[in-house]
Ligand code: NAP
């Protein structure tokens with residue numbers, strides 16, 4: 001990691017003001033979790049790229065003081081805990097953080113660290129922008145038509161962790177209640193999971209997606225649900241989504257049916273539509289350009305965001321963030337790819353672009369823009385790591401070399417503008 005920006009600067013934490021507005025100092029402390037497996041490689045590359053983008057955009061007036069937050073295997077070795085209390089306290093202090101991937105140890109009773117972080121900080125929206133970079137090999141004919149942002153509900157649905165093994169006492173009790181009180185008969189070999197979907201959580205997720213669409217001048221928000229089968233959970237999500245649009249954004253949104261009757265009357269409105277999940281998986285391939293912002297429940301969003309990422313070149317590229325009303329943790333969306341750990345060959349684009357999302361979250365748009373342009377340029381020139389080089393049959397760059405290529409393009413762009 002670059003050593004230039006260290007703790008000799010005054011400690012300056014982001015604070016939370018009225019209406020959850022963030023007060024951002026010019027040199028905020030930002031938390032980072034290196035991650036397991038390929039985490040240290042991609043995270044250190046991301047930090048040097050973000051530092052360079054800030055230096056180029058603001059000539060030293062703005063910078064980040066990176067605060068390492070212990071989590072994952074490294075923390076476990078040192079403290080016996082994968083996510084020590086001090087780490088949670090530090091993340092609380094920095095408000096904004098970025099993380100590499102963390103291993104979820106396989107074993108009974110182990111809760112994923114990612115899920116723990118999301119629940120602890122109530123990071124209810126998993127936000128995944130998916131856009132094509134020309135030059136990246138893609139499995140579809142027109143990847144350039146893809147420009148979507150998925151807002152996936154992050155705190156409930158089947159991920160709430162309410163489930164019991166088929167032979168547990170709890171599962172037995174529930175089966176008995178279901179039989180006696182609801183005349184629902186389940187066989188003795190049936191495990192049980194519960195899918196809670198609430199109005200409050202659905203509404204705040206859809207609200208966030210609509211606010212994003214308005215702020216970023218997008219065209220539509222599509223509510224993706226499986227309400228034809230699960231009426232009171234998935235179907236309710238859809239109904240509550242339409243409700244929040246009409247009650248809170250009446251003059252800014254329009255339902256698709258009204259829009260289609262008279263498109264000219266609603267030129268500047270965000271069109272709210274809904275699609276059933278299975279159809280949506282087809283639509284994103286056959287009518288890619290018709291979709292823009294997507295708001296969906298947890299399980300749908302999990303599947304859909306990876307499928308969309310695959311259309312533009314895979315998980316190594318797509319960025320992501322978990323965002324609540326104040327706290328936000330930006331992250332590489334892929335896992336720890338343990339077979340590449342410590343080899344400096346993983347693709348760091350996902351976490352680098354997550355770093356760029358983080359800069360946008362704190363309104364440092366100029367640095368984000370410079371960074372994204374340089375990544376675009378690298379891909380256009382087919383400067384790529386091994387995951388893509390092997391498809392293109394060209395020589396791969398190492399993870400750190402890819403970071404240096406991005407930095408050199410950012411510097412080149414600055415020199416160009418100066419002349
Ligand atoms: P994975 O780590 O994402 O890796 C699966 C495969 O994807 C890799 O073998 C590699 O493919 C490719 N890949 C992923 N990221 C890459 C990158 N940055 N650069 C190049 N190639 C990349 O998925 P997994 O093997 O299922 O999971 C491993 C561990 O990660 C598990 O413990 C899981 O729980 C954890 N995980 C964490 C997160 C998170 O922290 N957000 C998310 C998902 C999984 P090839 O083999 O084809 O080269």
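If each Cα of segment 1-160 is one equal point scatterer, what is log10 of I(q)/I(0) from the Debye formula at q = 0.08, 0.09, 0.20, 0.21 Å⁻¹?
With no solvent term, the Cα-only Debye profile gives -0.30, -0.39, -1.41, -1.43.
Can you list the equivalent-ellipsoid semi-axes of segment 293-405, largest first and in whole Å, using the square root of 5 times each Cα gyration tensor eigenvalue? Could the numbers behind the result be given before it?
Values: eigenvalues 117, 66, 36 Å².
Working through the eigenvalues yields semi-axes of 24, 18, 13 Å.
Which whole-number value in Å³ per residue fits the convex hull of the alpha carbons of segment 163-250? List each step's numbers first, then the result.
Numbers: hull volume 10.9 nm³, N = 88.
Each residue corresponds to 123 Å³ of Cα convex hull volume.
So what's Rg/Rh here for segment 212-291, counting alpha carbon atoms and using the Kirkwood radius for Rh? Working shown, then result.
Numbers: Rg = 12.9 Å, Rh = 13.3 Å.
Ratio of gyration radius to Kirkwood radius: 0.97.
Two decimals is fine: what's Rg over Rh for segment 229-367, C-alpha atoms, Kirkwood radius as Rh?
On the way: Rg = 18.2 Å, Rh = 17.8 Å.
Ratio of gyration radius to Kirkwood radius: 1.02.
Report Rg/Rh for segment 206-247, rounded to two decimals, where Rg is the Cα radius of gyration and Rh the Kirkwood radius. Walk me through the numbers before you get to the answer.
On the way: Rg = 11.2 Å, Rh = 10.8 Å.
Radius of gyration relative to Kirkwood radius: 1.04.
Go ahead and collect, in residue order, the members of segment 262-287 whose backbone nitrogen is under 20 Å from a label point 7 Å along the Cα-Cβ direction of residue 229.
Hits in segment 262-287 for residue 229 at 20 Å: 274-285.
How far is it, in nm, from the label point at residue 165 to the one at residue 26 when both lie 7 Å from their Cα along the line to the Cβ?
Calculated label separation equals 5.9 nm.
State log₁₀ I(q)/I(0) for the chain at q = 0.06, 0.09, 0.12 Å⁻¹ as given by the Debye formula over alpha-carbon point scatterers of equal weight, solvent excluded.
-0.26, -0.60, -1.05
Pairing the Cα long axis of helix 39-58 with the longest principal axis of the chain, what angle in degrees results, from 0 to 90 and rounded to the nearest 10?
The angle comes out near 60 degrees.
Go through 207-214, 142-149 and give me the packing order, highest mean Cβ count within 10 Å leading.
Numbers: 207-214: 20.5, 142-149: 18.0.
Sorting 207-214, 142-149 by mean packing, highest first, produces 207-214, 142-149.
How much space per residue, in cubic angstrom, does the convex hull of the C-alpha atoms of segment 145-189 take up? Let's see the in-between values first.
Details: hull volume 6.5 nm³, N = 45.
Taking only Cα atoms, segment 145-189 has a hull volume of 144 Å³ per residue.
With only alpha-carbon pairs counted, each pair once and no self-pairs, how large is the Kirkwood hydrodynamic radius of segment 127-277 in angstroms? Intermediate results must be reported in sequence, preceding the final value.
Values: mean 1/r = 0.0549 Å⁻¹.
In segment 127-277 this quantity evaluates to 18.2 Å.
Two decimals is fine: what is log10 I(q)/I(0) at q = 0.18, 0.21, 0.23, 0.29 Å⁻¹ for segment 88-155, from a Debye sum with one equal scatterer on every Cα and no solvent?
The calculated log intensity ratios at q = 0.18, 0.21, 0.23, 0.29 Å⁻¹ are -0.88, -0.98, -1.05, -1.30.
Could you work out how far helix 234-248 tilts from the main Cα principal axis of the chain, as a 0 to 90 degree angle to the nearest 10?
In the chain, helix 234-248 runs at an angle near 70 degrees to the longest axis.
For n ≥ 4 DSSP H runs only, could you compute -39500 (n - 2.57) per run for the chain, divide by its residues and tell me the 222 nm figure to the nearest 500?
-13500 deg cm²/dmol
Could you give the radius of gyration (one decimal) and Dmax (whole number) of the Cα atoms in segment 328-393, in Å?
Radius of gyration, then largest Cα-Cα span, for segment 328-393: 13.5, 39 Å.
Give the peptides 56-65, 125-134 in descending order of average Cβ contacts within 10 Å, highest first. Spell out each step's value before the answer.
Details: 56-65: 16.4, 125-134: 21.8.
Going from most to least packed, we get 125-134, 56-65.
Once the Cα atoms of helix 169-182 and of the chain are each reduced to a long axis, what angle between those two axes, in degrees from 0 to 90 to the nearest 10, is obtained?
The answer is roughly 40 degrees.
Every read-out reported here was derived from the displayed coordinates using simple, explicitly stated rules and does not represent laboratory data. Keep in mind that what you see is a predicted model, and the values were worked out from it rather than measured. We place every Cβ from the backbone using ideal geometry, glycine too, and count neighbours over all the protein chains shown.
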